[in-house]
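The values are calculated or read from the model by the stated rules, or taken from the named source; none is laboratory data. Since the model is a prediction, treat every value here as computed from it, not as a measurement. With ideal geometry, Cβ positions are generated from the backbone for all residues, glycine too; neighbour counts draw on all protein chains shown.
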Amino acid sequence: MKSKHIKRIFSIILLLALVFGTYVSTNKVMAYSILWGSKNFNTSQYSLKYYYLQNGTKNYSSIITSGVSAWNTSSARIYVSKETDFYTHYNIEFTSKDYGNTGWHGHCQAPIPILFPDNSYIKLNEYYDSSFSGNGAELVSHEMGHSFRLDDISDMTVLMRNSGYKGSAKPEKDDIDGVNSNY
C-alpha cells in the first residue's frame, strides 16, 4: 500500500516536471549573454576610446567609424570616441591585416578581468574582405559588442547573433540591454 502511494506521488511529480519543463523551454527568451561578469559602474554613461592600427593593405577607418556610430546613436550607456595618439590610453584596439584562411572575418579578445580588465583587441581579417563587404560596419559593431562583454547567442534577429549578418550595424534592444546591464 505504501509503495503504491509513493509510485503515485512520484508519477505526479514526474508529470509536473515534464509539463513545467516543456512550458519553460517553449517560452524561453533568448537574452544577451555576458562574458566575464559586469563592470557595474555607477555612472549614466561610460566613455571608451578606440585606436585603429592598419597593418594590411585595406583601410577600414570608415567601417570602424560606422560601427562605432551605430553604438553611439543607440540607447546603450557607453560612448566610444577615437584616440589618435597610439601612446595615449585607449580601451579598444582595432587591427586589420590578412590573417589568412582562419574561418573568422573579425575576432575580439574581450576584456579579461585579471589580465587586461579595460582593454579589448579587435582584429579585422582582410582575407575575407569580399565576404563581409557591405556588412563591414555590422562586423565592427558585432565585435565591439564582445569588447562590451557580450557573447554570441543563437537569436538571429540581434547584432550578437552567432553566425551570418542581419544587414544592419544597429544594436537591437537585447544587445543594448546587455550592455546596459554591464555598464
Answer residue from the stretch 137-183, given it is farther than 22 Å from Ser96 by Cα and among the small types (Gly, Ala, Ser) and is surrounded by the most Cβ atoms within 10 Å (Cβ to Cβ) among those: Gly178
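Conditions (1) small (Gly, Ala, Ser); (2) at pLDDT 95 or above; (3) part of a helix (DSSP H, G or I); (4) farther than 25 Å from Asn119 by Cα, marked per residue:
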{"position": "Leu18", "(1), (2), (3), (4)": "no, no, yes, yes"}
{"position": "Gly56", "(1), (2), (3), (4)": "yes, no, no, no"}
{"position": "Ala70", "(1), (2), (3), (4)": "yes, yes, yes, no"}
{"position": "Tyr79", "(1), (2), (3), (4)": "no, no, no, no"}
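Filter the stretch 131-160 down to the residues that are aliphatic (A, V, I, L, M) and touching a Gly at 6+ places or on another chain (Cβ under 8 Å), then identify the one that is farthest from Leu48 (Cα to Cα).
Of all residues in the stretch 131-160, those aliphatic (A, V, I, L, M) come to 137, 139-140, 144, 150, 153, 156, 158-160.
Narrowing the set further to residues that are touching a Gly at 6+ places or on another chain (Cβ under 8 Å) leaves 137, 139-140, 144, 150, 156, 159-160.
On the way: Ala137: 18, Leu139: 19, Val140: 15, Met144: 11, Leu150: 16, Met156: 27, Leu159: 20, Met160: 20 Å.
Among those residues, the one meeting the criterion is Met156.
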- request: Within the stretch 47-60, identify whether any single residue is over 22 Å from Ser133 (Cα atoms) and without any contact (Cβ under 8 Å) to a residue 40 or more places away in the chain, and answer yes or no.
  value: yes
Cross-chain or 6+ apart pairs with Cβ under 7 Å, the stretch 92-111 first and closer than 30 Å to Asn182 by Cα, then surrounded by fewer than 18 Cβ atoms within 10 Å (Cβ to Cβ) and among the polar types (S, T, N, Q): Thr95/Asn55; Ser96/Gln54; Ser96/Asn55; His105/Ser131; Pro111/Asn119
statement: Residue pairs within 9 Å by beta carbon, gap of at least six or interchain, first lying in the stretch 127-156 and closer than 13 Å to Tyr60 by Cβ and modelled with pLDDT under 90, second polar (S, T, N, Q) and crowded, with 22+ Cβ neighbours inside 10 Å, listed first then second, are Phe132/Asn125
message: If I ask for residues that are hydroxyl-bearing (Ser, Thr, Tyr) and without any contact (Cβ under 8 Å) to a residue 24 or more places away in the chain, which ones from the stretch 157-175 would you list?
response: Thr157, Ser163
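Out of the residues in the stretch 74-126 meeting the condition of being of a type in the set (S, T, N, Q) and loosely packed, with under 13 Cβ neighbours inside 10 Å, tell me which one is nearest to the chain's Cα centre (by Cα). Break it down into steps so the answer makes sense when it comes.
In the first step, residues of the stretch 74-126 are kept if they are of a type in the set (S, T, N, Q); the result is 74-75, 81, 84, 88, 91, 95-96, 101-102, 109, 119-120, 125.
Subsequent filtering for residues that are loosely packed, with under 13 Cβ neighbours inside 10 Å retains 75, 81, 84, 88, 101-102.
Working: Ser75: 16, Ser81: 19, Thr84: 25, Thr88: 25, Asn101: 23, Thr102: 20 Å.
Of everything passing the filter in the stretch 74-126, Ser75 is nearest to the chain's Cα centre (by Cα).
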query: Hey, among Tyr127, Tyr90, which residue is part of a loop (DSSP other than H, G, I, E, B) and among the aromatic types (Phe, Trp, Tyr)?
result: Tyr90
